[in-house]
């Protein structure tokens, strides 16, 4: 019998551009963080297990401010993502303080991920539709080599506060992901989304372009793939950017697709995604959550 799907919340990042720990920043009317909204939606979608990937510095505060809300509602596991949790033979370079990235977060949690799981960012808002779609995929006993991604419409992910980076997805006629291309400077305009490579010439993108917002459905196989590939990433990082290079899940998935090692079902949500890259995003997120509460999408106080 297959074990119940797992929600893996990656919440160990530093959040330097935001100026604080976004994972625990209150945005809701009653002090709820964005993780609280993901957890509330996960419960409604059917998730009964959650793995929180944090670091030692925030563990106690995280449990008090976030984890305790679901410890009597879900099976909860805490995993530490620390700099020195590396494959045998690898060491942390002097001066490194930045986490090793989202793929490393999943590697650290490998022992706890014993069933198909959804990996998502702890500082982003995905919505109930996305959560229901990824749970249905995971609960359907996916094949070992079949992963999933929840994509969003580009126009539903842009920020009024400035430019953003987005993973532009190419999806085949069967609904499977073919490739992801990172666009680093995407802005909303009166004529629709546009991006630039040089800061001068802009190229238009269709508003309904599918983009990846780092919401993945994996089988446990992915942990072994990360472990196998991490030393390759590490050697490149030491040669080029030892203090800041990160191993990202989209890069891992992109490599696996190029090798035809996996297939990735491209699920698609029509909901609005939002997150906080910079401090200027905060009032926009707070306003969006107030509107969703007023519309009855969320109760006035998630954990009352």
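Of note:
- For the chain, averaging the sequence separation of C-alpha pairs within contact (under 8 Å, six or more residues apart) and dividing by the residue count gives a relative contact order of 25 percent.
- Estimated distance in nm for a label pair at residue 204 and residue 3, the labels positioned 7 Å out from Cα along Cα-to-Cβ: 5.0 nm
- Virtual spin-label span in nm between residue 83 and residue 284, 7 Å along Cα→Cβ: 3.2 nm
- Region 226-294 shape via C-alpha gyration tensor axes, a/c threshold 1.5: oblate
- Length released on extending from residue 184 to residue 29, taking residue separation times 0.36 nm less the Cα-Cα span: 52.6 nm
- Of all DSSP beta bridges in the chain, antiparallel share, percent nearest 5: 50 percent
- Label-point separation, residue 191 to residue 64 (7 Å along Cα→Cβ), nm: 5.3 nm
- Protection proxy ranking for 163-174, 86-97, using the average of other Cβ atoms within 10 Å per residue and placing the highest first: 163-174, 86-97.
- Each peptide among 35-47, 69-81 gets the average number of other Cβ atoms lying within 10 Å of its residues, and from highest to lowest they stand as 35-47, 69-81.
- Using all pairs of distinct alpha-carbon atoms, the Kirkwood hydrodynamic radius of the chain works out to 19.8 angstrom.
- Extension gain from residue 239 to residue 114, taking 0.36 nm per residue of separation minus the Cα-Cα distance: 41.6 nm
- Pairwise FRET efficiency - residue 71 versus residue 221, Cβ, R0 = 30 Å, nearest 0.05: 0.55
- Values of log10 I(q)/I(0), in the order q = 0.10, 0.14, 0.16 Å⁻¹, for region 153-251 under a Debye, Cα-only, solvent-free model: -0.38, -0.70, -0.86
- Förster radius 35 Å - calculated FRET efficiency between residue 300 and residue 145, Cβ distance, rounded to 0.05: 0.20
Where a number appears in this text, it was derived from the coordinates with a stated rule and is not lab data. Every value quoted in this text rests on a predicted model; they were computed, and no experiment measured them. Positions of Cβ are generated from backbone atoms using ideal geometry, with glycine treated the same way; all protein chains shown enter the neighbour counts.
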